[in-house]
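Report on the following structure.
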Amino acid sequence: MTTHQLLIRGGTIVDGMGGEPFVGDVAVDDGVITHVGAVAGTAEREIDATGLLVTPGFVDLHTHYDGQAIWSDRLTPSSAHGVTTAVMGNCGVGFAPCRPADHDVLVDVMAGVEDIPGVVMVDGLPWHWETFPEFLDAVSARPRDIDVAALLPHSPLRVYVMGARGVDREPATPEDLAMMRKLATEAVRAGALGFASSRLALHKTQSGRPIPTFDVDRSEIEAIARGVDDAGGGLIQFVPDLVAGDYQPVLQTVFDVAAEVGLPVTFTLAIGNGGPPFYLDALTMVEKANSNAGADGPVVTAQIFPRPIGLVLGLELSGNPFVMYPSYQALSGLPLAERVAEMRKPEVRERILADAPASGGHPLMFAAQAWKYMFPLGDPPNYEPAPSDSINARAAARGVSPAEEAYDRLLDDDGHAMLLVALANFRDGSLDTVAELIRRDDVVLGLGDGGAHYGMICDASFPTYMLTHWVRDRPSGRLSVAEAVRELTSVPARVAGLSDRGRIAVGYKADLNVIDAGALRLHRPVVKADLPAGGRRLDQTADGYVATIVSGEVIAENGVPTEARPGRLVRGRQPTPA
């Protein structure tokens, strides 16, 4: 009688391809799924999944674990929400290639764009690499809970090739372009999935400068793309300036280069809460680009986030509505309990509320007083709140100013309270537009940003939100569990070129989740001080994950991590199992 290494018995199997769920067993040997259906025999380890869902492990296309993958063996929050593969290097920012003289430049970029404190990176990164292949070797050398894959980030590449000229955004010379092409080839041959770039105006360094890639010429995008193609191909990930009305020419340039070279593209799509529906024009461009797509699916995909894109504000976090007020800044260095005690004094409250913000600061802090789209974030967190719960509406009901209402709410829970600001994807005060888009074949889920924005967001929990809000709890417009799991597994795996995972079938990688769908519950984010140098970050957990399995090893049971660290660096695109 056959003895398997792992046998999951009697679960409701959701195959990741959108097929009708069915009850059956899944056997695993040597990190691979070996039997699906009625499985005879025994196993070294059995999991009784009766009444539970069995899904493929989730694939997160858009993370920034470039640093955390170096200094930590756990990629939370992602791995706490069923993610078993995370793609990093997005938005064109990262830590390689990099000469020693340019460490501070890349720290400045990451601190500004991704809200990773500089001291965390200085303390947490050993910088024992210079080239991108050496960086991949450093990532590969560290055991971790889940798999990671990497894109070659454009900003470090530009600075590595051009030095100060790259930082100052001077045009690349023919010699620069030739070197970028060569290094892109080298990176893909070493394991990069492709390359990532950005020209979002909000992406600024901590010192306030535009990122090195902000206004690069088409020739530079093409040179890097051809370098990727020289090594066999890969993905282009791009962030257009969708908040501006003139993003289309730049996005079209990327689409044109990709079509000429023969590479797929995935790009960030955001839905404005109001105003002109720019996203519709972007989708028209996507449809045109995909008009000749083959049976393998769209070659251009828009990446959408299934919750509002926004910020989490609080007295313990990077921002709050008064963070730029000099009268608040005078108190900001106090321990939280002392700060709260001061802020509760009537004279201090009056002084802060009568103040005005100073100039400068993080570019996203302009949204710290978007009262109409600001909401208390409770437990469980409500990411599709009613307009009547906004700070604006609550203030009107109390007969106070929105600033007063926000001030008072920040002091709730002894200053641990949080406020959600829904900056985008919340058109007309709901997620109805998102509901339409996530059903499209040319739209893929992403933008969770795990490993970044440590003091501003905690969006890497979106897989759990998909299975709770979008499958179970939303009053209307819900997805079936098969649809939601497909969007979390086989679809992003296909976009990334990781065809060995995202599906429960014989021969596929044994990355799996066993989930109690009825018990799934997303908790409010909490603040942890577990980064290098004692840096703080937002973390978020969930109930309902009975087991998460990577390469056949259980990395977490009932929300508690095990000692297993089977996660590896995925080097390059992976073929479909024979």
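The values are calculated or read from the model by the stated rules, or taken from the named source; none is laboratory data. Everything numeric in this text was worked out from a predicted model, so none of it was measured. Cβ atoms come from the backbone with ideal geometry, glycine included; neighbour counts cover every protein chain shown. In case anyone asks, the SASA skips ligands and DNA or RNA and just uses the protein heavy atoms, side chains included. Shrake-Rupley method; radii C 1.70, N 1.55, O 1.52, S 1.80 Å.
Val300 contributes about 10 Å² of solvent-accessible surface, heavy atoms of the protein only, 1.4 Å probe. Extent along the principal axes, Cα only, for segment 1-46: 31, 19, 14 Å, with the longest axis given first.
Determine the dipole magnitude for segment 387-521: charges of +1 sit on the beta-carbon of Lys and Arg, -1 on that of Asp and Glu, nothing else is charged, the reference point is the Cα centre, and the result goes in debye to the nearest 20. Please list the in-between numbers first.
On the way: 15 positive and 20 negative charges, 119 e Å.
About 580 debye.
Compute the accessible area per residue over the chain, keeping the other protein chains in place, probe 1.4 Å, unit Å².
On the way: 20800 Å² over 578 residues.
It amounts to 36 Å² per residue over the chain.
Ordering Glu175, Glu20, Glu483 by accessible surface, largest first, gives Glu20, Glu175, Glu483; the 1.4 Å probe counts only protein heavy atoms, with every chain in place. The 3J(HN,Hα) values that the Karplus relation (6.51, -1.76, 1.60; θ = phi - 60°) gives for segment 174-185 are, in residue order, x, 5, 4, 5, 5, 5, 4, 4, 4, 6, 5, 4 Hz. Gly and Pro appear as x. In this structure the amide hydrogen of Ile13, modeled in the peptide plane, comes within under 5 Å of the amide hydrogens of Phe22, Val23, Gly24, Val54, none closer than 5 places in sequence on its chain.
Accessible surface of the chain, 1.4 Å probe: 51 percent of it comes from carbon and sulfur atoms.
Kindly identify segment 419-535 as rounded, prolate or oblate by the Cα gyration tensor criterion: order the square roots of the eigenvalues as a ≥ b ≥ c, call it rounded if a/c is under 1.5, otherwise compare a/b with b/c, prolate if a/b is larger, else oblate.
Values: a/c = 1.59, a/b = 1.15, b/c = 1.39.
Oblate, since a/c reaches 1.5 and b/c is not below a/b.
The trypsin sites (Lys or Arg not before Pro) of segment 242-349 meeting both criteria, a DSSP state outside H, G, I, E and B (loop) and at most 15 other C-beta atoms within 10 angstrom of the site's C-beta, are Arg344.
Take the Cα of Ala529, step 7 Å toward its Cβ, do the same at Ala259, and the gap between the two points is 5.5 nm. 3J(HN,Hα) along segment 206-221: 4, 7, x, 8, x, 5, x, 8, 3, 10, 5, 7, 3, 4, 6, 4 Hz, from the Karplus curve 6.51 cos²θ - 1.76 cosθ + 1.60 with θ = phi - 60°, whole Hz, x for Gly and Pro. Taking the average, over residues, of other Cβ atoms within 10 Å as the packing measure, peptides 443-451, 390-398 rank 443-451, 390-398 from highest down.
Kindly provide the helix-only [θ] at 222 nm of the chain, computed as the sum of -39,500 (n - 2.57) over DSSP H runs of four or more divided by all residues, to the nearest 500 deg cm²/dmol?
On the way: 19 runs with 163 residues, N = 578.
Per the formula, -8000 deg cm²/dmol.
Judged by the mean number of other Cβ atoms found within 10 Å, the most tightly packed of the peptides 255-262, 526-533 leads the ranking 255-262, 526-533.
Projected over every direction and averaged, the convex hull enclosing the alpha-carbon atoms of segment 469-578 yields 9.1 nm².
Seen from all sides and averaged, what is the projected area of the convex hull of the Cα atoms in segment 195-234, in nm²? Mean orientational projected area (segment 195-234, Cα hull): 3.2 nm².
Solvent exposure of Trp129, expressed as accessible area, is near 10 Å², computed with a probe of 1.4 Å over the protein chains only. For segment 130-143, the Karplus equation 6.51 cos²θ - 1.76 cosθ + 1.60, evaluated at θ = phi - 60°, returns couplings of 10, 7, 5, x, 5, 4, 4, 4, 5, 5, 5, 6, 9, x Hz by residue, with Gly and Pro reported as x.
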